[in-house]
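The values are calculated or read from the model by the stated rules, or taken from the named source; none is laboratory data. Note that the coordinates shown come from a computational prediction; the quantities given were computed from them, not determined experimentally. Cβ coordinates were reconstructed from backbone atoms using ideal geometry, including for glycine residues, and neighbour counts include every protein chain displayed.
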Ligand code: ACO
């Protein structure tokens, strides 16, 4: 995560809000913002470098880089090609745009490309500089978001652990429904008004869609992988709002103690939120080798999805 930490109290110095309101409505306490000369690719590069070190792979072996982002450094080329350049990698590199669901979408793409047999060492990065899309005059959205990046290395390898008969990404389900386009969007874009735009959100409606669609997709991913919710060791949800996380845990009847929540530390970092939560859970020795993990996310589009994963060597780090 970037170094500039901003607490609710600090935010209240320039926005008409309070720690009490933000904490009660969202569970968020702090977020981090990039510095003036820091970009999405800087955070993404840092996360990717750490993930490569943790995975103990050579950068020369990385053959695929996918960056899930809504906030590229430039409108084009892709942020992934900048990360490739900074790493000095020789890989196919491109971005995936599914806003807060981006990391799940990127995982799904990576899994398909690895399964097809051509790619063997892939970095999937979730990176977003949401602060650049915030309208500081809109207190209903500006208090919820932060900046960050996280990355995982996906590798094609044979399962030599006989304890489990399944391994890696067991299922991925992804969905989109453009009829909900206007519920969460920016009010600008390249081909509409040539502006970047600010976030606009129908908070209450998004809340209801989030609880329904996150639960539905997790259920679907469990069915595809032939697992039950009771078999899940850890659920790593998109970190948008503690109330959404708790409502989904209630609905899915999963023990809240098995649900990783880091939203209070960084707010909604969009595509970065799941890898940041994963990093926290791994570095705190919560997620262990062999654990069965559920992950799910929803974002603008609307776009949503879920994955069920049997963790191999857990490898991801953050900025
Ligand atoms: N500080 C203080 N007061 C505020 C703030 C603020 N930052 N923002 C709004 N208010 C006020 C409103 O003006 C309103 O005042 P009024 O009653 O005098 O009119 C009051 O608080 C209640 O406003 P609501 O919009 O009704 O607040 P609500 O309880 O719906 O909470 C929230 C808003 C937190 C956005 C909620 O709708 C929500 O959690 N939605 C989910 C959206 C979300 O998490 N999105 C993340 C991005 S999407 C994604 O990643 C899935």
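Right, residue 38: modelled with pLDDT under 95 and either surrounded by fewer than 18 Cβ atoms within 10 Å (Cβ to Cβ) or assigned to a loop (DSSP other than H, G, I, E, B) (or both) or not? Spell out how you get there, then give the answer.
Values: modelled with pLDDT under 95: no; either surrounded by fewer than 18 Cβ atoms within 10 Å (Cβ to Cβ) or assigned to a loop (DSSP other than H, G, I, E, B) (or both): yes.
Taking the combined requirement at face value, the residue does not satisfy it.
Scanning region 11-35 for residues that are in contact with a strand residue (DSSP E or B) (Cβ under 9 Å, 6 or more places away or on another chain) and in a helix (DSSP H, G or I), which turns out nearest to the ligand (Cβ to nearest atom)?
Within region 11-35, the first condition is being in contact with a strand residue (DSSP E or B) (Cβ under 9 Å, 6 or more places away or on another chain), and the residues that meet it are 11, 19, 26, 28-35.
Next cut, in a helix (DSSP H, G or I) only: 11, 19, 26.
On the way: 11: 8, 19: 10, 26: 5 Å.
Checking each candidate, the answer is 26.
Quick one: in region 202-212, which of the residues that are within 9 Å of the ligand (Cβ to nearest atom) and within 19 Å of the chain's Cα centre (by Cα) is surrounded by the most Cβ atoms within 10 Å (Cβ to Cβ)?
Top of the filtered list is 210.
Across region 63-77, what is the total count of residues that are in contact with a helix residue (DSSP H, G or I) (Cβ under 9 Å, 6 or more places away or on another chain) and away from the ligand (no atom under 16 Å from the Cβ)? Reasoning before the result, please.
First, pick out the residues of region 63-77 that are in contact with a helix residue (DSSP H, G or I) (Cβ under 9 Å, 6 or more places away or on another chain): 64-74.
Subsequent filtering for residues that are away from the ligand (no atom under 16 Å from the Cβ) retains 64-67, 72-74.
Result for region 63-77: 7.
State the number of residues belonging to region 82-96 that are buried (at least 20 other Cβ atoms within 10 Å of the Cβ) and out of contact with any helix residue (DSSP H, G or I) (no Cβ under 7 Å at 6 or more places or on another chain).
Looking only at that region, the number is 1.
Given (1) more than 13 Å from the ligand (Cβ to nearest atom); (2) buried (at least 24 other Cβ atoms within 10 Å of the Cβ), where does residue 274 come up short, assuming only one miss?
Checking residue 274 against (1) more than 13 Å from the ligand (Cβ to nearest atom); (2) buried (at least 24 other Cβ atoms within 10 Å of the Cβ), the one that fails is (1).
For a quick check of your reading of the model, give me the residue pairs whose first member lies in region 70-91 and is touching a residue at least 40 places away in the same chain (Cβ under 8 Å), whose second is loosely packed, with under 14 Cβ neighbours inside 10 Å, with beta-carbon atoms closer than 8 Å and at least 6 apart or on different chains.
75/190
Within region 63-80, restricting attention to residues that are farther than 13 Å from residue 124 by Cα and surrounded by fewer than 21 Cβ atoms within 10 Å (Cβ to Cβ), which residue is nearest to the chain's Cα centre (by Cα)? Explain how you work it out, then say what you get.
Filtering region 63-80 for residues farther than 13 Å from residue 124 by Cα gives 70-78.
With surrounded by fewer than 21 Cβ atoms within 10 Å (Cβ to Cβ) added as a condition, the list becomes 73-77.
On the way: 73: 18, 74: 20, 75: 21, 76: 21, 77: 21 Å.
Residue satisfying both the conditions and the ranking: 73.
Hey, residue 253 hits all of (1) under 18 Å from the mean Cα position of the chain (by Cα); (2) surrounded by fewer than 20 Cβ atoms within 10 Å (Cβ to Cβ); (3) at positive phi but one; which does it fall short on?
Among (1) under 18 Å from the mean Cα position of the chain (by Cα); (2) surrounded by fewer than 20 Cβ atoms within 10 Å (Cβ to Cβ); (3) at positive phi, the lone unmet condition for residue 253 is (1).
With respect to residue 233, is the statement that it is more than 16 Å from the ligand (Cβ to nearest atom) and either within 24 Å of residue 7 (Cβ to Cβ) or more than 15 Å from the chain's Cα centre (by Cα) (or both) true?
Working: more than 16 Å from the ligand (Cβ to nearest atom): yes; either within 24 Å of residue 7 (Cβ to Cβ) or more than 15 Å from the chain's Cα centre (by Cα) (or both): yes.
Yes: the conditions hold for residue 233.
From the list 4, 60, pick out the single residue that is at pLDDT below 95, surrounded by fewer than 19 Cβ atoms within 10 Å (Cβ to Cβ) and away from the ligand (no atom under 15 Å from the Cβ). First the steps, then the outcome.
Values: 60 fails: at pLDDT below 95.
Step by step, each of 4, 60 is checked, and only 4 is at pLDDT below 95, surrounded by fewer than 19 Cβ atoms within 10 Å (Cβ to Cβ) and away from the ligand (no atom under 15 Å from the Cβ).
If we keep just the residues of region 106-142 that are within 14 Å of the ligand (Cβ to nearest atom) and under 29 Å from residue 58 (Cα atoms), which is surrounded by the fewest Cβ atoms within 10 Å (Cβ to Cβ)?
By that ranking, first place goes to 128.
Going residue by residue through region 287-294, is there one that turns out to be under 12 Å from the mean Cα position of the chain (by Cα) and not in a loop (DSSP other than H, G, I, E, B)? So that I can check it myself, show each step before the final result.
If we filter region 287-294 for residues that are under 12 Å from the mean Cα position of the chain (by Cα), which is where we start, we get none.
No; the residues of region 287-294 include none that is under 12 Å from the mean Cα position of the chain (by Cα) and not in a loop (DSSP other than H, G, I, E, B).
Among the numbered criteria (1) within 13 Å of the ligand (Cβ to nearest atom); (2) over 13 Å from the mean Cα position of the chain (by Cα); (3) in contact (Cβ under 8 Å) with a residue 40 or more places away in the chain, which single criterion is violated by residue 221?
(1)
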